[in-house]
Structure formats: structure tokens, C-alpha cells
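Engineer: To start, I am sharing the structure in question, which I have written as C-alpha cells.
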Amino acid sequence: MRFRLQPTPVQDAALLEHCAHARYVWNLACEQHLHWRPGRVSAPGYAEQSRQLTEARREFAWLAAGSQTVQQQALRDFAQAVTNFFAGTHRRPRWRKAGVHEGFRIVGQRGRQWDVRRLSRMVGEVWVPKVGWVRFRWSRDIPAEAKSFRVNRDRAGRWHVCFAVIPRPVEGPGTGVVVGVDRGVAVSAALSTGELSSASGLRETEAERLGRLQRRLARAAPGSNRRRRIKIAIARLKARETDRRKDWVEKTSTDLARRFDLIRVEDLKIKNMVRSARGTIAAPGVNVRAKAGLNRSIHAAGWGQLATRLEQKAAGRVEKIDPAYSSQICHACGHCAADNRESQAVFRCRACGHVDHADVNAAKNIAVGRTVTARGALQPSGGALNREPQPVPSSA
């Protein structure tokens, strides 16, 4: 649950100092962990690192001037990150960089009056150690179960406060209706009902301005004020694009969770799909620029964000279907051929003449769980492998 902070110039400088201290402590702990190898002396844990932090605050005045609460919490977060890494649920904790990872976390008692308070209908305040009361835009009520919050600053210079609350799943309609969702580049999400929806991005004039700014950035001298101003302008445009994409993901996922009891999406390996094609010096890749453009389009379509938010909002009601040949199978007769898809948007079956939007036809196949085996046998997804053609379920 995120809110926009409105700090004063003095508070802005104090918040940046908190971010620097939290990043410094995190990077020191990360250095100790990365230099540890199995079979050697074990890396120091939270208790030892906390003792070292106390000694460092006693020795360095600039570190002691910061908030001990912020610095201790950075160590706790790092210890939890290491635990998650060894449990196999998360990646290894890495370094944090200035200008990119600007943030810190506060864990306190939500029930106390000094944590959060409301001033008016649209203005609230949150208490930050050694900063004081910082105002934020109160756009919704904060649940009582919120026990911690994180303050962060994006590259566009905007401050946000995020309260850690696990949202409740969206209730389904209870009608048993199933929908298939096909994700693409030209159309971000095509539904088996025939609806088409695309993630919002930059307008044409904004995209042209972004291109001009990027060209100006390439000519700006490193370290100059002109380069700094251009980078801020680019970051603001990028943040606007990201906000619009997130808004589309939230609205689309909520709408699907409310209208359908079962949501079927493609089981896409997005990480593999957006892998760079540059290759190596000895074996350089081909069509690198075209692949890079495709990767940007995939990220801009919000494929991963949409699937993640669907699984969170419609918990237990999302199924992932093997996408093999879903765009080549005719939903009407089950005929599978590469020639069936005439173009990005046109699907015309060579066997029965069925015509449909290509993405909608794929979404209908996903809705019924239709896929093709390695030998070309048509079967419902998840069923036992059958060497003979399977009967085609009738369209709903």
C-alpha cells in the first residue's frame, strides 16, 4: 500500500541521509557475506554485525548522527535476505547503488499514535526517526494490521511511503465461468471472450521527447549540471510510463478476478524470452537490435506483472497452461498448422475456414486447456500423453 510523500527541503536531505546510512550498512554486511566460502570461518550473523555497528557508531560521528533504528533494521533485513537465499526462495543479496536503491525500512508499533496520523481528508503524516512528521497524500485508509513501512525515492526524485500489508484476495462471482488470457506484444492481454486490452504507455509526443532527451544525454559532458537535469527529465518520463503500466495491471487483474472463477494464462518463461542476443566476442549474436527492441516491448506489455497480480488477487483460481501451438490451433475444429495464422492479428483455419482474431483464438484454446504434444497429438493440457488424436472439446 503506497502513498506519495511530501517532505520539506530539510526533510528531503534528512531522508537521503537515512538512505545513505542504510545502504552503507547493507553493503558492509553484503561484503562480509560475499567473501565467505563454505569450509571457512562462518560469516558473522546479525548479533555480531549489530555489535560491530555499535562500535562503528562510537568511532565515526557521521554514522552516529544517523538513526540507529534505520541502521539496525538494514542489518535485520540483510539477515532475512540471507536466510531466504539459503532456503532457496530468493536470490543472493547483492550490492545497493546510490541513485538506484534509495530507501529504508521502519518496523514499529502500528497501534501507537505517533506512527501515523491523519490531518485532513487527503493529508496524513508518518513519523520517521530523526526526521519528524512527514506529510503524505492520504488516498485510502491504512489497515490496522500494518506493522512496518518503507520509505523510498525513485529516480524521478519522488518520495513514497509503503505500508506492509498483505491485501485480501478478490472474491470470485461463483458462476463457474472460465476465461483464457493470451499475452502478446501488439495486444497485451486478449481474452477468450473477445476483449482486447493493451498496457498504457507514453503518448506519441512523449515518446518523441524521450528520444530527444536521450540524444541530448549522449552529448552531455559527464558530471555536468546539464547531464544531471537531462537524466532527471528522462527519469520522470520513465516513471510516468511505469505508473501507467502498473495502473493498467491493477485494473485489469482486479476486473478479471471479479468476473471469472477460473483464469487460465500461458505458462511463459519470460526470463528466458527476454535474454539478450548479444553473444560473446568470439561468437557475436545476430539481429541484436531487433531482439533488444522485442525485449523492451515484452517488458512494456507487463506480462509478468499481470500474471503475478492475478495469482495474488485470485489465489487458487489461476491455472498456467502450456502455450505450445496455442496460436496455430483452430478453436473451431482443432486443426493445427503454422499457415493458420496469416498475420499478427488474422487467424484463418486452412481446414474449416474459421476466421478470428489471432490472439482471441489463442485465448480460447488456453481457456479450454488445449495444447499439442511433442508428436502433434491434440490433447487437453495436463492430461496423460496419448499417441492418438484427442477429441476436441466444444466451444463454450
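Engineer: Which of the cysteines in the chain are isolated, no other cysteine C-beta under 4.7 Å?
Structural biologist: Cys19, Cys30, Cys162, Cys336
Engineer: For the stretch 178-321, go through all pairs of different Cα atoms, get the mean of 1/r, take its inverse, and jot down that Kirkwood value in Å.
Structural biologist: On the way: mean 1/r = 0.0575 Å⁻¹.
About 17.4 Å, per the Kirkwood formula over Cα pairs.
Engineer: Please report Rg over Rh for the stretch 2-163, where both radii come from the alpha carbon positions and Rh follows the Kirkwood definition. Provide the component values of the computation, followed by the final result.
Structural biologist: Working: Rg = 16.9 Å, Rh = 17.0 Å.
Looking at the stretch 2-163, the ratio lands at 1.00.
Engineer: If I stretch the segment between Val177 and Leu16 completely, what's the gain in nm (0.36 nm per residue apart, minus their alpha carbon distance), one decimal?
Structural biologist: Details: separation 161, 0.36 × 161 = 57.96 nm, distance 4.98 nm.
That pair, Val177 and Leu16, stretches by 53.0 nm at full extension.
Engineer: Right, another one. What per residue convex hull volume, in Å³, comes out for the stretch 94-249 when only alpha-carbon positions are used? Can you show the working numbers first?
Structural biologist: Working: hull volume 34.0 nm³, N = 156.
Once divided by residue count, the hull of the stretch 94-249 is 218 Å³.
Engineer: Another question, if that's okay. Assuming 0.36 nm per residue, please report the length gained on full extension of the stretch Trp62 to Ala324 beyond their Cα-Cα distance.
Structural biologist: Gain on stretching Trp62 to Ala324: 88.5 nm.
Engineer: Sort Val82, Val123 by Cβ crowding within 10 Å, fewest neighbours at the top. Please list the in-between numbers first.
Structural biologist: Values: Val82 20, Val123 12.
Final ranking by Cβ density, sparse to dense: Val123, Val82.
Engineer: Which of Met1, Met122 comes first, and how do the rest follow, when ranked by fewest Cβ neighbours within 10 Å?
Structural biologist: Met122, Met1
Engineer: Are there GluC sites (Glu not before Pro) in the stretch 260-358 that DSSP marks as loop and that have at most 15 other Cβ atoms within 10 Å, and which are they? List each step's numbers first, then the result.
Structural biologist: Numbers: sites: Glu266, Glu311, Glu319, Glu342; in loops: Glu342.
Here the sparse-neighbourhood loop sites are Glu342.
Engineer: If you scale each eigenvalue of the Cα gyration tensor by 5 and take the root, what three semi-axes come out for the chain, rounded to whole angstrom and sorted largest first?
Structural biologist: On the way: eigenvalues 416, 128, 118 Å².
One finds semi-axes of 46, 25, 24 Å for the chain.
Engineer: On to the next question. Please give the contour-minus-distance gain from Arg275 to Asp141: 0.36 nm per residue of separation, less the Cα-Cα distance, rounded to one decimal in nm. Working shown, then result.
Structural biologist: Numbers: separation 134, 0.36 × 134 = 48.24 nm, distance 4.07 nm.
Once the chain is fully extended between Arg275 and Asp141, it gains 44.2 nm.
Engineer: Of Ser139, Ser148, how do they rank once you tally other Cβ atoms within 10 Å and put the fewest first? Walk me through the intermediate numbers first.
Structural biologist: Working: Ser139 11, Ser148 15.
So the residues, fewest neighbours to most, are Ser139, Ser148.
Engineer: First measure r as the distance between the Cβ atoms of Arg244 and Arg215, then evaluate 1/(1 + (r/R0)^6) with R0 = 25 Å and state the FRET efficiency to the nearest 0.05. Don't jump to the answer; show the numbers that get you there.
Structural biologist: Working: r = 23 Å, r/R0 = 0.94.
That pair, Arg244 with Arg215, gives E of 0.60.
Engineer: Mean separation of Cα pairs under 8 Å and 6+ residues apart, divided by the residue count of the chain: what relative contact order is that in percent? If you can, show how the numbers build up before the last one.
Structural biologist: Working: 609 pairs, mean separation 55.4, N = 396.
The value is 14 percent.
Engineer: What distance in nm separates the simple spin-label points at Lys231 and Glu342, each placed 7 Å from Cα in the Cβ direction?
Structural biologist: 5.1
Engineer: Further, regarding this structure: Any idea what the dipole of the chain comes to, in debye rounded to 20, about its Cα centre with Lys/Arg Cβ at +1 and Asp/Glu Cβ at -1? All intermediate terms of the calculation are to be shown ahead of the outcome.
Structural biologist: Details: 70 positive and 35 negative charges, 357 e Å.
Taking the Cα centre of the chain as origin, the dipole is about 1720 debye.
Engineer: Assigning unit charges at the beta carbon (Lys, Arg +1; Asp, Glu -1) and nothing else, what dipole magnitude in debye, to the nearest 20, does the stretch 178-321 show about its Cα centre? Kindly include the intermediate steps, with their values, before the conclusion.
Structural biologist: Details: 33 positive and 15 negative charges, 261 e Å.
So the magnitude is around 1260 debye.
Engineer: Evaluate the relative contact order of the stretch 178-321 (contact order divided by residue number), counting alpha-carbon pairs under 8 angstrom at least 6 apart; express in whole percent. If you can, show how the numbers build up before the last one.
Structural biologist: On the way: 159 pairs, mean separation 43.7, N = 144.
RCO, the stretch 178-321: 30 percent.
All of the numbers you see were taken from the coordinates with simple rules; none came from a lab. Keep in mind the model is a prediction, meaning the values are calculated, not measured. Neighbour counts run over all protein chains shown; Cβ positions are idealised from the backbone, glycine included.
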